[in-house]
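Notes follow the structure.
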Amino acid sequence: MGSSPAGALRKDIRLHHATAMVVGIIIGASIFVQPSEITGPVPSLTGAALVWLVAGILTFFGALVAAELASSFPESGGVYAYLREAFSPLVGFLWGWAMFWTMHTGIIAAIAMVFARYLAYFVPLDSTGMKVAAVVAILFLSWVNYLGVKQGSNLQTTFTAAKVLAILLMIGVGFALGTPPEAGVESVVITDGAAAIPGISPALLDQGASGLLGGASFQDFLIALVAGLFAFGGWHMVTYSAEETTEARKTIPRALTLGVLIVTVCYIALNAVYFYVLPLETVISSDRVAADAADAVVGHGGTFMSALVVFSTFGAISGIILAGPRVYFAMARDGLLFNWVGAVHPTRGVPHRAIWLQGIWACILVLTGTYRALFTRVVYTEWIFFGLMAIGLFIFRRRAEIRREYSVWGYPLVPAVFAISAFAIVINQVIADPAESALGLGFVLLGVPVYYAWGRKGYLKETSG
């Protein structure tokens, strides 16, 4: 491909690239490091499996919603464009506003720091050195994506393929060479302040042995489900680059469906390995469960996990860096950002200024450490927009003039369940931590006066919606 006119976006993303983007962005570090975020609140084998399954199903429902919307609006920006068309440019602007300042650049910074921390296992790095390593990774991958969408998507595809092969190898070796732990073995030490408590309390084990959720409440299940959905995060980003995707109306729906299914199978199989070779209490308490599983099977778990996390996070950062600038490009084209942000490189066919703007801000977040507070306060708010996106699908179904080449399976139940679930996640977060939730939502709403001030200065263009 790549035959677009000079200065235009190039259609170099094909089905295998788009599918690799979905898989590579979703699989970062969470599944290798902290499934305890799920097994802690829901301390039972069946309960944890149910959480992963429900998280996978809800993610799949969200992917189906995005697939129909992508088939109707195959343009850069993805979720931004859907919100703009369904509601108003203001709603689309608020998504982009939160994306740039916190949600998208914050996750780039956060994953880059995870990459650097595990890189320190192989290269001696102090706290400053880890920040430098994270910045170098962001700038290097921004440069690769600056070279062209073909280069960026090829790199993403290569890392994703190798990552999935490594996961399949881990699953195969785990079941082939691993042996179930002996009943009653307490192999974990849980640290509480200065005191080390061997194993885990008999009460917790009794809860884990009784009931589908191991004695956990529905609220505990919701807490675990949010952690599971976080591990599935990023599935929607493939929609951002629709204008650079060949036959986007068909390719993106297929990529979303295939990608989410691949990730769900990998996640459930990996957890099956963890539970097969490790005691339940280890899975509940471990913050390096992949390493513990590798130790139980072949030894050298620290080396294995560190290499796997370094490799996995590097690939995830690449895909996230590729996706984000397409939203800022679309916003600039609509007059919601400065025109220069939407410039397309005359020969490389990429929104080069948006790429570097995103990279520089992500580096600032790394160097200042502010990404932690910003990201954790605002990340839950993306589910407000996901819920609105699903409602938008109902709105578009009433517009006869809108063409679509893909229809959501199970309509209207699937988008309705996804929308209700999205808003339930937000409500649960607000109830659990009202102060932090108010700060996060308040930051997003700061975009409202910015939007109207921007309009008064005459920057806004006429947009539909």
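Every number here is computed from the coordinates shown, using simple stated rules; none is lab data. Note that the structure is a prediction, hence the values are computed from the model and not measured. Don't worry about glycine lacking a Cβ; one is built from the backbone with ideal geometry, like all the others, and counts go over all protein chains shown.
Data table
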{"quantity": "Alpha-carbon spread of the chain, three principal axes, descending order, Å", "calculated": "69, 46, 39"}
{"quantity": "Summed residue charge, Cβ within 12 Å of LEU94's Cβ, Lys/Arg positive, Asp/Glu negative", "calculated": "0"}
{"quantity": "Furthest towards positive pole of dipole, ALA116, LEU9, PRO43, structure part the chain, Cβ charges", "calculated": "LEU9"}
{"quantity": "Separation between Cα centres of segment 75-127 and segment 245-298, rounded to whole Å", "calculated": "22 Å"}
{"quantity": "About the Cα centre, charge dipole magnitude for the chain (Lys/Arg +1, Asp/Glu -1 at Cβ), debye", "calculated": "1960 debye"}
{"quantity": "Lys pairs, the chain - Cα-Cα below 30 angstrom, 8 or more residues apart or on other chains", "calculated": "10"}
{"quantity": "Helix-only mean residue ellipticity at 222 nm for the chain, each DSSP H run of n ≥ 4 adding -39500 (n - 2.57), per residue, nearest 500", "calculated": "-22000 deg cm²/dmol"}
{"quantity": "Å³ per residue enclosed by the Cα convex hull of segment 356-465", "calculated": "171 Å³"}
{"quantity": "Length-normalised contact order of the chain in % [C-alpha pairs under 8 Å, at least 6 apart]", "calculated": "35 percent"}
{"quantity": "DSSP H segments from the chain that extend 27 Å or more along their own axis, Cα-based, with Kyte-Doolittle mean of 1.0 or above", "calculated": "45-72, 127-147, 149-177, 248-277, 301-323, 413-432"}
{"quantity": "Contact order normalised by residue count of segment 278-391, Cα under 8 Å, 6+ apart, percent", "calculated": "12 percent"}
